[in-house]
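Q: One structure is given below, represented as C-alpha cells, and several questions about it will come after.
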Amino acid sequence: MSHTTPGRDASLRERAAKVVPGGMYGHLNAAIFTPAYPQFFVRGEGCRQWDADGREYVDLMCSWGPMILGHRHPAVEEAAAAQRAQGDCLNGPGPVMVELAELMVDTIPSADWVMFSKNGTDATTQALMVARAATGRDKVLVAHGAYHGADPWCTPSTAGTTAAERADLVEYPYNDLEGAEAAAGYADGEVAAILATPFKHDSFEDQEPVDPAFARGLRALADRIGAALVLDDVRAGFRLDPRGSWEPLGVRPDLTAWSKAMGNGYAIAAVTGADALRGAAQTLYSTGSFWFSAVPMAAAKATIETLRDIGGVALMERAGARLREGLAAQAAAHGFTVRQTGPVQIPWLSFEGDATLEKGMHWASACLEEGVYLHPWHNWFMSAAHTDADVDRALAGTDAAFAKLRARYGGD
C-alpha cells in the first residue's frame, strides 16, 4: 500500500472549513460519524478505496450505493470515454439517450417510457409531479420515517425548510396495510400517489423486508382510489432485480424512481412509467442544464448491459451471503448477539441491546482501523466486484474488530 503525506486528510478539513460551510455537509460529512472516519478519498479500484492519507479499505459502502460493478469498471469507463470523445453536454441529448431509454423499457416490465435526470431526489420529485399531473390531486401517502431524498418536501425537521412544504404528505406505517388504508381514508379523494420503498431501509434501525401481502395491498389500494403506485427504487434498484425490486412479487408500480447504481458512479437518475401516465409526463416542465449529458447515459447503458451479461445480481448475492455467514460466525465466537438485516446485497449489522449504537460505532471504527469501510447506522452495499478473496479480506478485518470490541465490553 502506498502512502501519501501523513495528515493530509486533517489538512484538507482545515482548508475546507474556511471555504465550505462547516467544512463539509450532507450525508458524506464525516464529522457526523465517529472520529475514525476519513473525509477525503483519492482513488477507487474494484471494491477498494484509498483515503487522502493513503490508507486502503475494502469498500462495503460502494460510495453509498452507486458502485454496483466496482470502481473504474473497464466496460463502463470505455463507454464513457468513447462518448466523451464525441461530446457530453451539448445543445441536445446524444443518440445514446434513445438507446438507454430503449434498454430500460426492454429490461423493466413496468416501464413503457423513461425520463432522465441527475440524482435520486430528482427522480422521486419528478415521479410525484407526474402522479399529480395525472390525477389533479395533491396528497401523497408515505411511510413514516422513510427517506426519499433531500428536497424540502421529503426532508423533515431540517434548517431552511417549512412544515408547509410537507403538508401534502400523509404518513402510514411500513408493512401495515390497515395503516395505509387509514391514511388513504384520512385524505379521501385527494391522494395522487402512494410512495413506497422496496423494503424498509430507514437509518439507525434494523432493515425489514416487505411483506408481499403489503406490497400487493398497496397495489390494490392505489387502483381502488385512483392513485399512482410509486416505487422508490433509488437505493435498491438493479441490486435486487434488474427488472425492478417488486417484480419478483408480481407487483408492478405505475412509476419507479431510479438512480444510485444505474450509472456505476456517473450522475444519472430516471423515472420509468406506465403508458397510462405518458400524457401526464408530457405536460411537465422538469429539466436541468446537465440532465441530458451524454457521458452518464453511455455509462448507464454499459452498466445495465454488463450487469445483465455477467449475472451481476447473482454475484452480489454470493458475496453478500459469504459476508453474512462469516459475520455471524465471528460474532458468535466473540460472544456477541447480532442482527443482520436487509437483503444480502444491501446488508446491515446491529448489536442486541445496543439502542444508542454505541457498540456498533466502536465496532465500525475498529473495522476502519483494520481496513474495512462500513457504516454504523446506514445500510451497506455489495458490488459485483466483491470476490471471495475480497470478502475474506474484509472478514479478517471484521474479526479483528470483534476482538477489539470484546476487549472493551466483554461479550453479551
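The values are calculated or read from the model by the stated rules, or taken from the named source; none is laboratory data. Here the structure is a predicted model, which is why all the values come from computation and not from measurement. In this analysis, Cβ positions are derived from the backbone assuming ideal geometry, glycine residues included, and neighbour counts consider all displayed protein chains.
Q: Could you tell me whether any residue of the range 68-86 is in contact with a Phe, Trp or Tyr (Cβ under 7 Å, 6 or more places away or on another chain), surrounded by 14 or more Cβ atoms within 10 Å (Cβ to Cβ), in a helix (DSSP H, G or I) and without any contact (Cβ under 8 Å) to a residue 60 or more places away in the chain?
A: The answer is no, given that none of the residues of the range 68-86 is in contact with a Phe, Trp or Tyr (Cβ under 7 Å, 6 or more places away or on another chain), surrounded by 14 or more Cβ atoms within 10 Å (Cβ to Cβ), in a helix (DSSP H, G or I) and without any contact (Cβ under 8 Å) to a residue 60 or more places away in the chain.
Q: Might you check whether a residue that is touching a helix residue (DSSP H, G or I) at 6+ places or on another chain (Cβ under 9 Å) and surrounded by 24 or more Cβ atoms within 10 Å (Cβ to Cβ) occurs anywhere in the range 205-213?
A: no
Q: With the requirement that a residue be of a type in the set (G, A, S), within 16 Å of A333 (Cβ to Cβ) and surrounded by fewer than 18 Cβ atoms within 10 Å (Cβ to Cβ), what does the range 355-412 give you?
A: A396, A400, A403, A407, G410, G411
Q: Mind checking which residues of the range 144-177 are among the acidic types (D, E) and more than 21 Å from R219 (Cα to Cα)?
A: Correct list: D151, E165.
Q: Are any of the residues in the range 289-308 in a loop (DSSP other than H, G, I, E, B), crowded, with 18+ Cβ neighbours inside 10 Å and touching a Gly at 6+ places or on another chain (Cβ under 8 Å)?
A: yes
Q: Would you say R235 is farther than 22 Å from A280 by Cα and crowded, with 19+ Cβ neighbours inside 10 Å?
A: The answer is yes for R235.
Q: Going by the conditions given, is A366 assigned to a helix (DSSP H, G or I) and touching an Asp or Glu at 6+ places or on another chain (Cβ under 8 Å)?
A: In short, no.
Q: Turning to a different aspect of this structure: Residues that are under 21 Å from K260 (Cα atoms): list the strands (runs of 3 or more DSSP E) wholly contained in the range 128-234 that include at least 3 such residues.
A: In the range 128-234, the matching strands (runs of 3 or more DSSP E) lie at 228-232.
Residues checked against (1) in contact with a helix residue (DSSP H, G or I) (Cβ under 8 Å, 6 or more places away or on another chain); (2) assigned by TED's automatic domain parsing to the domain that holds A270; (3) assigned to a loop (DSSP other than H, G, I, E, B):
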{"residue": "A321", "(1), (2), (3)": "no, no, no"}
{"residue": "E325", "(1), (2), (3)": "no, no, no"}
{"residue": "Q330", "(1), (2), (3)": "yes, no, no"}
{"residue": "G335", "(1), (2), (3)": "yes, no, yes"}
{"residue": "V344", "(1), (2), (3)": "yes, no, yes"}
{"residue": "D354", "(1), (2), (3)": "yes, no, yes"}
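Q: In this structure, does D53 turn out to be within 22 Å of E369 (Cβ to Cβ), of a type in the set (D, E) and assigned to a loop (DSSP other than H, G, I, E, B)?
A: yes
Here's the yes/no breakdown for (1) under 16 Å from A276 (Cβ atoms); (2) aromatic (F, W, Y); (3) modelled with pLDDT of 95 or more; (4) in contact with a His (Cβ under 9 Å, 6 or more places away or on another chain):
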{"residue": "D112", "(1), (2), (3), (4)": "yes, no, yes, no"}
{"residue": "S117", "(1), (2), (3), (4)": "no, no, yes, no"}
{"residue": "G120", "(1), (2), (3), (4)": "no, no, yes, yes"}
{"residue": "T124", "(1), (2), (3), (4)": "no, no, yes, yes"}
{"residue": "A134", "(1), (2), (3), (4)": "yes, no, yes, no"}
{"residue": "K139", "(1), (2), (3), (4)": "no, no, yes, no"}
{"residue": "G145", "(1), (2), (3), (4)": "no, no, no, no"}
{"residue": "G149", "(1), (2), (3), (4)": "no, no, no, no"}
{"residue": "W153", "(1), (2), (3), (4)": "no, yes, no, no"}
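Q: Need the failing condition index for F33 against (1) closer than 27 Å to V234 by Cβ; (2) touching an Asp or Glu at 6+ places or on another chain (Cβ under 7 Å); (3) of a type outside the set (S, T, Y); (4) modelled with pLDDT under 95, just the number.
A: So the condition that F33 fails would be (2).
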